[in-house]
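The values are calculated or read from the model by the stated rules, or taken from the named source; none is laboratory data. As the structure is a prediction and not an experimental result, all values here were calculated from the model. Positions of Cβ are backbone-derived with ideal geometry, glycine not excepted, and every protein chain shown enters the neighbour counts. These accessible areas exclude ligands, DNA and RNA; they are computed on the full protein's heavy atoms, side chains included. Shrake-Rupley method; radii C 1.70, N 1.55, O 1.52, S 1.80 Å.
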Amino acid sequence: MIVLAVLLAKKIPVMLNWTAGVRSLNHANELLDLKHVISSQKFLTKVEGLELGECEEKLELLEEIKINLSLKDKLKGALLSSLSAKPLMRYFHLNHLSEDATAVMLFTSG
């Protein structure tokens, strides 16, 4: 869901592999000039010894984002979720995207 939300915001989601280590995360941050790193407090509390390096200062927690959603935002989201693909693409002005447009950046350890 988060990846789709980022795409609908006309941003490119970047999948960071936290197991690749802080050096890899810092490299991704510098290479792509990341603006936000979205994660969950629930996930972060389960992972021991996680070092996010430079990405930590850009961390946005889903739990905090959820708290800040207004009733208007929630109602709008519920209405939009009832639309089929074509009207939804038009609403978000995505119907003019090139087939060659970047969809997702993936950083893996392999």
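Specify the residue that is least open to solvent (accessible area, probe 1.4 Å); the eligible residues are those in region 1-23 that are touching a residue at least 60 places away in the same chain (Cβ under 8 Å) and assigned to a loop (DSSP other than H, G, I, E, B).
Only one residue fits best here, namely 13.
Restricting to region 43-96, name every residue that is in contact with a strand residue (DSSP E or B) (Cβ under 9 Å, 6 or more places away or on another chain), outside any loop (DSSP other than H, G, I, E, B) and not acidic (Asp, Glu).
44, 55, 58, 59, 61, 62, 65
Which condition breaks for residue 26 when tested against (1) assigned to a helix (DSSP H, G or I); (2) touching a residue at least 40 places away in the same chain (Cβ under 8 Å)?
Unmet for residue 26, out of (1) assigned to a helix (DSSP H, G or I); (2) touching a residue at least 40 places away in the same chain (Cβ under 8 Å): (2).
Going through region 30-53 one residue at a time, which ones are surrounded by 12 or more Cβ atoms within 10 Å (Cβ to Cβ) and more than 22 Å from residue 64 (Cα to Cα)?
Result: 32, single match.
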